[in-house]
1. For segment 6-26, give me each residue that is touching a residue at least 60 places away in the same chain (Cβ under 8 Å) and either under 18 Å from the mean Cα position of the chain (by Cα) or surrounded by fewer than 21 Cβ atoms within 10 Å (Cβ to Cβ) (or both).
2. If you go through segment 306-338 one residue at a time, how many are part of a helix (DSSP H, G or I) and modelled with pLDDT under 90?
3. Anything in segment 261-284 that is assigned to a helix (DSSP H, G or I), under 17 Å from the mean Cα position of the chain (by Cα) and more than 15 Å from residue 118 (Cα to Cα)? List them, or say none.
4. Give me the residue from segment 92-144 that is under 24 Å from residue 76 (Cβ atoms) and part of a loop (DSSP other than H, G, I, E, B) and, out of that set, farthest from the chain's Cα centre (by Cα).
5. Out of 222, 244, report the one residue that is part of a helix (DSSP H, G or I) and at pLDDT below 85.
6. Consider residue 273 carefully, then state whether it is free of Cβ contacts under 8 Å to residues at least 60 places away in the same chain, buried (at least 20 other Cβ atoms within 10 Å of the Cβ) and touching a helix residue (DSSP H, G or I) at 6+ places or on another chain (Cβ under 6 Å).
7. Could you tell me how many of the residues in segment 309-347 are in contact (Cβ under 8 Å) with a residue 60 or more places away in the chain and within 21 Å of the chain's Cα centre (by Cα)?
8. Given the options 144, 157, 137, name the one that is surrounded by fewer than 19 Cβ atoms within 10 Å (Cβ to Cβ) and either touching a strand residue (DSSP E or B) at 6+ places or on another chain (Cβ under 9 Å) or farther than 21 Å from residue 251 by Cβ (or both).
């Protein structure tokens, strides 16, 4: 989401670049991903992430998903200057139905009912239809839209111009750390991490992410790859690549049944995100609260992941804070070469990011 917002609101609207040039930047960053993944640089850096930060990624993603769900359902709303968030209108039907959905999913999970999240979404959706806060689909089938307006429309030469190179680097760093954080965070919840909190054979999903970035740009969409919503599938029991294949097939079917799936209201899917966010918080107990050089970077990561509405900025803040506090505490020998490289990449992001164009 952070990369997509950066492309739409910062690069295209704020900086005034054409969307075709932005797609060219996405393509080039994807090509860089493929190269550094093939030579295992990405997987090497992923193993260099300190364990406390890895655990904070899972917790930060949990809070982030939870905040998205609360905002989508209207339980929490954007506030005003000085009070950026506020309680939603709980006298209206939408937020109340969302709360009902959260409670329903929670009860089903407590009772260990299979497919509790899916049943909660379906039940909340039907309730929304019956009480009139969502409209029944006008039709069941639809013809998939043509890709011709965006297919192969990227402008690579314009993206490689000298003035646009910083944009490519920012996109590269954002997706680079975003993917690592999502993989580690979701894998931690799925129980895939080994005794050193590393994901075995991480280069495989990293390569899939890299190829997806390239093919997505060719098809005409901004950054594609790993998504934090995968946590919902993990909570439903997904543990293998087969679950991803089924999900992909369902997405293809959605192209023909779009009116049905579009009709699912935020009160239904937003409530599911809130529950999944709850479940992602358990790794916080493994963060060493008695070691401030580990605790402060971890908590800073968690906070900034949610409050900047961007996973990558929270992670890069952690990559900066961790070496800083280790040096101050006299534990600089604990820092690996990979940790120093992550520090350098993070500083580069904060330096290059076009803040004034947001």
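The values are calculated or read from the model by the stated rules, or taken from the named source; none is laboratory data. None of the values given here were measured: they were computed from a predicted structure. Reconstructed Cβ throughout: ideal geometry from the backbone, glycine too, with neighbour counts over all protein chains shown.
1. Step one: list which residues in segment 6-26 are touching a residue at least 60 places away in the same chain (Cβ under 8 Å), which gives 6-11, 14-15, 17-18, 20-26.
Residues satisfying the conditions are 6, 7, 8, 9, 10, 14, 15, 18, 20, 26.
2. First pass over segment 306-338, keeping only residues part of a helix (DSSP H, G or I): 306-307, 311-328, 332-334, 337-338.
Filter once more, keeping what is modelled with pLDDT under 90: 306-307, 311-316, 332-334, 338.
Total meeting the criteria: 12.
3. Correct list: 277, 278, 279.
4. So, considering only residues that are under 24 Å from residue 76 (Cβ atoms) and part of a loop (DSSP other than H, G, I, E, B), the one farthest from the chain's Cα centre (by Cα) is 132.
5. Values: 222 fails: part of a helix (DSSP H, G or I).
Selected residue: 244, the only one of 222, 244 that is part of a helix (DSSP H, G or I) and at pLDDT below 85.
6. Values: free of Cβ contacts under 8 Å to residues at least 60 places away in the same chain: no; buried (at least 20 other Cβ atoms within 10 Å of the Cβ): yes; touching a helix residue (DSSP H, G or I) at 6+ places or on another chain (Cβ under 6 Å): yes.
Considered against the rule, which asks whether it is free of Cβ contacts under 8 Å to residues at least 60 places away in the same chain, buried (at least 20 other Cβ atoms within 10 Å of the Cβ) and touching a helix residue (DSSP H, G or I) at 6+ places or on another chain (Cβ under 6 Å), residue 273 comes out as no.
7. Total satisfying the criteria: 13.
8. Numbers: 144 fails: either touching a strand residue (DSSP E or B) at 6+ places or on another chain (Cβ under 9 Å) or farther than 21 Å from residue 251 by Cβ (or both); 137 fails: either touching a strand residue (DSSP E or B) at 6+ places or on another chain (Cβ under 9 Å) or farther than 21 Å from residue 251 by Cβ (or both).
None of the other options fit; the residue is 157.
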